[in-house]
Amino acid sequence: MLDDLKANNRNWAARKTAADPGFFKRLEGQQAPSYLWIGCSDSRVPANEIVGLDPGELFVHRNVANLAPPQDANYLSVLQFAVDVLKVKHIMVVGHYGCGGVRAAVDGQRRGLVDHWLHPIREVCKDHKHELDTITEDVAWHDRLCELNVIRQVRNVASDVFVQDAWARGQSICVHGWVYSLSNGIVTDLDCSVAGLEDLERLA
Ligand code: CO
């Protein structure tokens, strides 16, 4: 099986070079992506492919259920590098409908460490209990929780000191919340974009 992957890799590199002989040489020098993608680890949500971006164009952080937890050193390191060094213009938190992580957060089963990781989603669920209680259909209920989780993570990113300090310096950064549909491949913008402190207050 791995031999197939290695053969695929050789073919891919050859195709890239054939289409653009300077492609890898250019990238070797530096990366200058304008976007940071914070998405779910789910194998059905391949970041670059969905938005048609090449290597070098998208800085990517993925974890189970696309979380941006303010105490997670991995996420924070990615965020700081993206904001302070790469100076990305846009940060998109991208959830997806049918997210197994979101479902696992609230199904009451015990799985171990991941139950701790998913704790923020149970908080989102609790905070939006009134709205969620009005949705009787199971898939629609979970899909709405996926959306609410994205919006909460947008708030986390926009509330972070790295982002707020960048705004104070006059750096332009907009944080967006998107959700991806596994059933048709389409991304929906949840219209919760935050480009500064006033937007953040409206969102909260
Ligand atoms: Co997921």
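Name the residue, out of Glu28, Glu57, that is touching a residue at least 24 places away in the same chain (Cβ under 8 Å) and charged (D, E, K, R). Give the derivation first.
On the way: Glu28 fails: touching a residue at least 24 places away in the same chain (Cβ under 8 Å).
From the options Glu28, Glu57, the qualifying one is Glu57.
Going through Val106, Val124 one at a time, which residue ends up being in contact with a Leu (Cβ under 9 Å, 6 or more places away or on another chain) and farther than 24 Å from Leu36 by Cα? Give the derivation first.
Numbers: Val124 fails: farther than 24 Å from Leu36 by Cα.
When all the criteria are applied, what remains is Val106.
Can you find a residue that is touching a strand residue (DSSP E or B) at 6+ places or on another chain (Cβ under 9 Å), more than 16 Å from the ligand (Cβ to nearest atom), farther than 23 Å from Ser43 by Cβ and free of Cβ contacts under 8 Å to residues at least 60 places away in the same chain anywhere in segment 87-109?
From segment 87-109, those touching a strand residue (DSSP E or B) at 6+ places or on another chain (Cβ under 9 Å) are 88-97, 99-102; that's our starting set.
Filter again for more than 16 Å from the ligand (Cβ to nearest atom), leaving 88-91.
Restricting the remaining residues to those that are farther than 23 Å from Ser43 by Cβ gives 88-90.
This time we only want the ones that are free of Cβ contacts under 8 Å to residues at least 60 places away in the same chain, so: none.
No, because not a single residue in segment 87-109 is touching a strand residue (DSSP E or B) at 6+ places or on another chain (Cβ under 9 Å), more than 16 Å from the ligand (Cβ to nearest atom), farther than 23 Å from Ser43 by Cβ and free of Cβ contacts under 8 Å to residues at least 60 places away in the same chain.
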Taking the condition of being away from the ligand (no atom under 13 Å from the Cβ) and under 13 Å from the mean Cα position of the chain (by Cα), how many residues in segment 33-68 meet it? 11
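Quick test for you: out of Gly52, Gly108, pick the one residue that is farther than 19 Å from Asp189 by Cα and not β-branched (Val, Ile, Thr).
On the way: Gly52 fails: farther than 19 Å from Asp189 by Cα.
Answer to the selection: Gly108.
The rows are residues; the columns are (1) under 25 Å from Ala73 (Cα atoms); (2) assigned to a helix (DSSP H, G or I); (3) among the β-branched types (Val, Ile, Thr).
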{"position": "Trp167", "(1), (2), (3)": "yes, yes, no"}
{"position": "Val179", "(1), (2), (3)": "yes, no, yes"}
{"position": "Leu182", "(1), (2), (3)": "no, no, no"}
{"position": "Glu201", "(1), (2), (3)": "no, yes, no"}
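For (1) surrounded by fewer than 15 Cβ atoms within 10 Å (Cβ to Cβ); (2) more than 21 Å from Pro46 (Cα to Cα); (3) out of contact with any strand residue (DSSP E or B) (no Cβ under 6 Å at 6 or more places or on another chain), each residue gets a yes or a no:
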site	(1), (2), (3)
Trp141	no, yes, yes
Gln153	no, no, no
Asn156	no, yes, yes
Ala168	yes, yes, yes
Val179	no, no, no
Gly185	yes, no, yes
Looking only at segment 66-79, count every residue that is touching a residue at least 60 places away in the same chain (Cβ under 8 Å) and surrounded by 16 or more Cβ atoms within 10 Å (Cβ to Cβ) and tell me the total. 5
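All of the numbers you see were taken from the coordinates with simple rules; none came from a lab. Predicted model, so just to flag it, every value in this text is computed and none were measured. Note that we place each Cβ from the backbone using ideal geometry, even for glycine, and neighbour counts take in every protein chain shown.
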